[in-house]
Amino acid sequence: MLFRRRPHPIEAEIPRLRRFALALMRDRNLADDLVQDCLERALAAWALRRNGPSLRPWLFAILHNTWRSRMRREGSRPDRMPLEAMGAEPAASGGQWERLELRDMDTALGLLPEEQRAVLLLVVLEGLGYEEVARIQDVPVGTVMSRLSRARERLRALTEDRQPPSGTHLRRVK
């Protein structure tokens, strides 16, 4: 009789973790290392995990905290890698304009501050709710909403060849 191993629940989340790590690290090897560190921490803490947040936000929080620790430890952002150098082609119609738009979007994403890029990727790419992102990043929901709004506005400005808004001009709201 053959025994089949039931897959661990974490296995289904690995592609999402890799995609988010790649967007943060912008290098496949560094992203894979980050995911491996995240998975090691998650499996080590699996027995201690309570019936708190669902699995996906818990894993994203571990990945995000591991990435944040790594960035603090290294003291600088990793080098940027152009989308064309990443290997596998993104799913597109193959037209010139689509490739240029993807390249421009990749460049614009790379110009976003790290905290804005992380919030944008978690909400838009991974489809997480504001509350889940707030728990992952350990910030209030209002901060998530603010970062997301600023990230979208900055992306819009960068992709429309406008001058992006600076964070130094604040309006007084009464």
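The values are calculated or read from the model by the stated rules, or taken from the named source; none is laboratory data. Computed from a predicted structure; not experimentally measured. Counting neighbours? That spans all protein chains shown, and the Cβs are built from the backbone with ideal geometry, glycine included.
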Please tell me if Gln116 is closer than 15 Å to Ala61 by Cα and at pLDDT 80 or above.
no
Flagged in the range 23-39 as farther than 14 Å from Glu13 by Cα and among the acidic types (Asp, Glu), in numbering order, are Asp27, Asp33, Asp37
Hey, does the range 84-100 have a residue that's at pLDDT 65 or above, assigned to a helix (DSSP H, G or I), under 19 Å from Thr159 (Cα atoms) and of a type in the set (A, V, I, L, M)?
yes
Run down Gly52, Gly75 and say which single residue is on the phi > 0 side of the Ramachandran plot and modelled with pLDDT under 85.
Gly75
Hey, any hits in the range 61-69 for a residue that's among the basic types (Lys, Arg), in a helix (DSSP H, G or I) and touching a helix residue (DSSP H, G or I) at 6+ places or on another chain (Cβ under 7 Å)?
no
Counting only residues that are in contact (Cβ under 8 Å) with a residue 40 or more places away in the chain and more than 18 Å from Gln137 (Cα to Cα), which one in the range 14-61 is surrounded by the most Cβ atoms within 10 Å (Cβ to Cβ)?
Arg26
